[in-house]
Amino acid sequence: MVIVAGHIVVDPHRRERYLAGCASVVELARRTPGCLDFVISADLVDAGRVNIFERWDSRTAVEAFRGSGPDDAQQDAILAASVAEYDIADLRSLT
């Protein structure tokens, strides 16, 4: 399993427009084979922060979806980013 997690920073005045532009990406990801979860969401306390969380069944699935990455408009809106991929060897359910 692969988890992609972290956050990006956008102009607080453009965050809602940025997130609206990400809706189609989320929908596409969730329909992609191997996607277990995919979320791009507004942070509750930082007006410029956008949280990223993805869970995939394999690195192959991540790479097949990722392609060339964000489109130019999305990339131009990102002021900073701290996102990493984690290879998960074991899983313990908390529910």
Just from its helices, what would the mean residue ellipticity at 222 nm be for the chain, if runs of 4 or more DSSP H residues each count -39500 (n - 2.57) and the sum is divided by every residue, rounded to the nearest 500 deg cm²/dmol? -9500 deg cm²/dmol
For the chain, report the convex hull volume of the alpha-carbon atoms normalised per residue, in Å³, without decimals. 108 Å³
Through the Karplus equation 6.51 cos²θ - 1.76 cosθ + 1.60, θ set to phi - 60°, convert the phi angles of segment 77-82 into ³J(HN,Hα) values in whole Hz; use x for Gly and Pro. 7, 7, 8, 7, 8, 9
Difference of contour (0.36 nm per residue) and Cα-Cα distance, R59 to S93: 10.1 nm
In degrees from 0 to 90, rounded to the nearest 10, what is the angle of the helix 15-31 Cα long axis to the longest principal axis of the chain? 20 degrees
For S58, list long-range residues whose amide hydrogen, built 1.01 Å from N in the peptide plane, is under 5 Å from its own amide hydrogen. V2
Averaged per residue, what accessible surface does the chain expose to a 1.4 Å probe, in Å²? 67 Å²
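The values are calculated or read from the model by the stated rules, or taken from the named source; none is laboratory data. Nothing here was measured: the structure is a model prediction, and the numbers come from that model. Surface areas here come from the heavy atoms of the whole protein model, side chains and all, with no ligands, DNA or RNA. Shrake-Rupley method; radii C 1.70, N 1.55, O 1.52, S 1.80 Å.
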